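The values are calculated or read from the model by the stated rules, or taken from the named source; none is laboratory data. Just so it is clear, the model here is predicted, and its values are computed rather than measured. Neighbour counts run over all protein chains shown; Cβ positions are idealised from the backbone, glycine included. Just so you know, the surface numbers come from the protein's heavy atoms only, side chains and all, with ligands and any DNA or RNA stripped out. Shrake-Rupley method; radii C 1.70, N 1.55, O 1.52, S 1.80 Å.
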Amino acid sequence: MPLPYRLILSPFSLVYGAAARLHAWLYAQGIYTTKHLTTPVISVGNLTVGGTGKTPMVIWLTERFLAEGKHVGILSRGYQGSGGTSDEIEMMKERLGDRVVFGVGADRYIEGRRIEAEEPVNVFLLDDGFQHLQLARDMDIVLVDSTTFDSTKWLLPAGSMREPLSALRRASAVVLTRMSSDGSDSTAGQAIRKIAADLPTFCAETKLLGYRCVSSGRNGQAAEADELPPQPVFAFCGIGNPSAFFSDLKRWGIVVVGRHIFADHHSYTAHDEKILEVHAQRAGAKALMTTEKDIQNLKKVHFAELPLYCCQIALEIGDEQALCLLLKNKIASRKRVAA
């Protein structure tokens, strides 16, 4: 957003920031009641609107807990979804299958109680839960995108910050996403140290798992699951941080001759399909490329001319053992208190 527009909106950001601080203070003082589930709760959230990697982080945590033999429940609002699901929920279901149970709704406490009554779980993952203070949690993991940190200091509506940086004092750990090495000396790392010097901070990088051919276009031939897409490609997405997607494609060696950005959680139409194929063919692309999340919003759209691919990703966390140990200690301490 251009600076003049930010300045015009800045008075509203001051009001928003004051309301956010008051909201957190009322819960901290016990004036607003926090509800507790019987099962330990690990929250994954952020300080900004979308695009930091919360869904891959939830998947990463789920797979670690499943590997330990734990039964996992995922609680989510299902943002921008309907009928008890959303694009992010569907993406997690495709990855995790029936190995986990989902509770989707505005009131995550009610969903958690329902799951506890129906089947035992060992741990709940609270998706996008940092601002959902109604539900008590045993650990707050906050994701900060290292690539956009400098541009995210403005609070809503002038910027993308949901809360001021001082809210990190509530966090149990921070994960600097899109940061491949030690981020303690980065701009984000230094700012975090000023707010909470002892806050455990980890770095995470987006790792490519492979490419999936979603539809084969005019040739009608099914492609191998991990087949490299024909290049060059025309890339498009409707996610919170589209620039990160395009940067990843470049890092992975994909030749991109054109791109198109839609709004986050965009629901694609037949008109979108026609526009994308026309632009892609004019650019000389041999295939279309999008994200795994966007595929969930493309299920009613068929690309007739060009094959459509998506890239499947995962988080790769530096000092993974230290984060797992922190998780283990937080859950163990909850069990000791309960006993």
### Query
Roughly how tilted is helix 242-251, in degrees to the nearest 10 and between 0 and 90, from the longest Cα axis of the chain?
60 degrees
### Task
Write down the Å³ per residue value for the convex hull defined by the alpha carbon atoms of the range 15-103.
136 Å³
### Task
State to the nearest 20 debye the size of the charge dipole of the chain about its Cα centre, where the only charges are +1 on K and R beta carbons and -1 on D and E beta carbons.
760 debye
### Summary
Amide H contacts under 5 Å for Thr48, restricted to residues at least 5 apart in sequence or on another chain and with H modeled in the peptide plane, are Arg162
### Task
Over the range 56-206, give the accessible area per residue in Å² for a 1.4 Å probe, as an integer.
41 Å²
### Query
From the backbone phi of the range 293-305, what are the Karplus-calculated ³J(HN,Hα) couplings (6.51 cos²θ - 1.76 cosθ + 1.60, θ = phi - 60°) in whole Hz, Gly and Pro given as x?
5, 5, 4, 5, 9, 10, 5, 9, 10, 10, 8, 7, 9
### Helix-derived mean residue ellipticity, 222 nm - over the chain, DSSP H n ≥ 4, -39500 (n - 2.57), to 500
-11000 deg cm²/dmol
### Query
Long-range amide H contacts for Ile313: which residues qualify at under 5 Å (H placed 1.01 Å from N, peptide plane, sequence gap of 5 or more or a different chain)?
Leu209
### Task
Give the long-range amide H neighbours of Arg77: residues separated by 5 or more places, or on another chain, with amide H under 5 Å away, using H modelled in the peptide plane at 1.01 Å from N.
Gly105
### Task
From largest accessible area down, sort Tyr5, Tyr211, Tyr16, Tyr32; use a 1.4 Å probe on the protein chains.
Tyr5, Tyr32, Tyr16, Tyr211
### Message
If the reach is capped at under 28 angstrom between alpha carbons, list the lysines near Lys35, excluding any in the same chain fewer than eight residues apart.
### Response
Lys54, Lys70, Lys93, Lys328, Lys330, Lys335
### Summary
Tilt, helix 87-96 to longest principal axis of the chain (alpha-carbon atoms), in degrees rounded to tens, equals 90 degrees
### Degrees between helix 54-67 axis and first principal axis of the chain (Cα, 0 to 90, nearest 10)
70 degrees
### Query
Roughly speaking, to the nearest percent, how much of the chain's 1.4 Å accessible area is carbon and sulfur?
53 percent
### Query
Which order do Arg21, Arg334 take when ranked by solvent-accessible area (1.4 Å probe, heavy atoms of all protein chains), largest first?
Arg21, Arg334
### Message
With an 8 Å Cα cut-off and a minimum separation of 6 or more residues, compute the relative contact order for the chain in percent.
### Response
19 percent
### Task
Could you work out how far the C-alpha centroid of the range 95-138 sits from that of the range 286-339, in angstrom?
17 Å
### Query
Of the residues Asp140, Asp294, Asp198, which exhibits the maximal mean-square fluctuation in a Gaussian network model of the chain defined by a 10 Å Cα contact cut-off?
Asp198
